[in-house]
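I am attaching a structure below and will ask some questions about it afterwards.
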Amino acid sequence: MPTGPANRSPAPDPGAARRAAFEELHARHGREVWAIAYARWTDRDLALDVTQEAFLRLWKAWEAGEDIQNPRAWLLRVARNLAEDHAKSAFRRNGTQPPELLNGVRSGQATPAEALEREELFARIRSELDELAPADRDILTLRYALDYDATQIAELLNVAVTAVHMRLSRARQRLADRLGTHDEFTPGNGTIR
């Protein structure tokens, strides 16, 4: 019998056995690995990412020649660690969100235009305060500049708390009339509403 290349049986592919074992492990434990990640975050996509990463790391460990005695336990531990690492990542820790979730979210800082507008408004209010009667100016200053509550103002002025509320209301109305608006000015956020 001739011994040529045509009569030789093909050499077994060493990667085929590893792929078959890997696919069998994935079929047997993939759902369980996914469940570990899902239980931590209740996010299907994140759980799928963790599962894929755990199996990828198993494949790489096998490629590196590591002898993993209990692949199921190894996969579950890796999945648990990956889920926890996600919690510690700077992305989550700093509250960073994908851009599509940030549409419509405003910064806590005013834009330069808003800051200028606010400065102009406050300058106008200070100018109008100077023109108010001293009693109105005093009660508005105590309430909004010094942040006294009605009880503290009542004690300081030796009047009833209801009188403080009445005086504040009238003083705010007179200031609003001078500013050209009949709505109430809210000093806390610098807007007229």
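The values are calculated or read from the model by the stated rules, or taken from the named source; none is laboratory data. Model, not experiment: these values are computed from the prediction. Every residue, glycine among them, receives a Cβ derived from its backbone with ideal geometry; neighbour counts consider all protein chains shown.
Taking segment 110-140 as the search range and keeping residues that are of a type outside the set (D, E, K, R) and in contact with a Leu (Cβ under 8 Å, 6 or more places away or on another chain), which one is farthest from GLY180 (Cα to Cα)?
Taking segment 110-140 as the starting set, the residues that turn out to be of a type outside the set (D, E, K, R) are 110-113, 115-116, 121-123, 125, 127, 129, 132-135, 139-140.
From what's left, in contact with a Leu (Cβ under 8 Å, 6 or more places away or on another chain): 125, 129, 132, 139-140.
Working: ILE125: 11, LEU129: 13, LEU132: 14, ILE139: 20, LEU140: 18 Å.
This residue is ILE139.
Can you spot a residue in segment 32-52 that is under 27 Å from the mean Cα position of the chain (by Cα), hydroxyl-bearing (Ser, Thr, Tyr) and at pLDDT below 85? Walk me through it before giving the result.
First, pick out the residues of segment 32-52 that are under 27 Å from the mean Cα position of the chain (by Cα): 34-52.
Going one step further and asking which of them are hydroxyl-bearing (Ser, Thr, Tyr), we end up with 38, 42, 51.
If we keep only those that are at pLDDT below 85 too, we end up with 38, 42.
Yes.
Would you check if ASP136 is modelled with pLDDT of 85 or more, within 30 Å of VAL159 (Cα to Cα) and part of a helix (DSSP H, G or I)? Spell out how you get there, then give the answer.
Values: modelled with pLDDT of 85 or more: yes; within 30 Å of VAL159 (Cα to Cα): yes; part of a helix (DSSP H, G or I): yes.
Answer is yes for this residue.
If I ask for residues that are assigned to a helix (DSSP H, G or I), at pLDDT 90 or above and over 22 Å from TYR38 (Cα atoms), which ones from segment 60-74 would you list? Steps first, answer last, please.
The first filter runs over segment 60-74 and keeps only residues assigned to a helix (DSSP H, G or I), leaving 60-63, 71-74.
This time we only want the ones that are at pLDDT 90 or above, so: 60-61, 71-74.
Scanning segment 60-74 gives LYS60, ALA61.
For segment 19-71, what are the residues that are among the hydroxyl-bearing types (Ser, Thr, Tyr) and in contact (Cβ under 8 Å) with a residue 12 or more places away in the chain?
Residues of segment 19-71 among the hydroxyl-bearing types (Ser, Thr, Tyr): 38, 42, 51.
Across segment 19-71, the qualifying residue is only THR51.
Here's another thing I want to ask about it. Mind listing whichever residues of segment 139-158 are part of a helix (DSSP H, G or I) and of a type in the set (A, V, I, L, M, F, W, C)? Spell out how you get there, then give the answer.
To start, the set of residues in segment 139-158 that are part of a helix (DSSP H, G or I) comprises 139-145, 150-157.
Within segment 139-158, ILE139, LEU140, LEU142, ALA145, ALA150, ILE153, ALA154, LEU156, LEU157 meet the criteria.
Right, another one. Just the residues that are part of a helix (DSSP H, G or I), exposed (fewer than 10 other Cβ atoms within 10 Å of the Cβ) and modelled with pLDDT of 70 or more, please, taken from segment 81-122.
Matches in segment 81-122: LYS88, PRO112, ALA113.
For segment 32-57, enumerate the residues that are surrounded by fewer than 20 Cβ atoms within 10 Å (Cβ to Cβ) and of a type in the set (A, V, I, L, M).
ALA35, ALA39, LEU46, LEU48, LEU56
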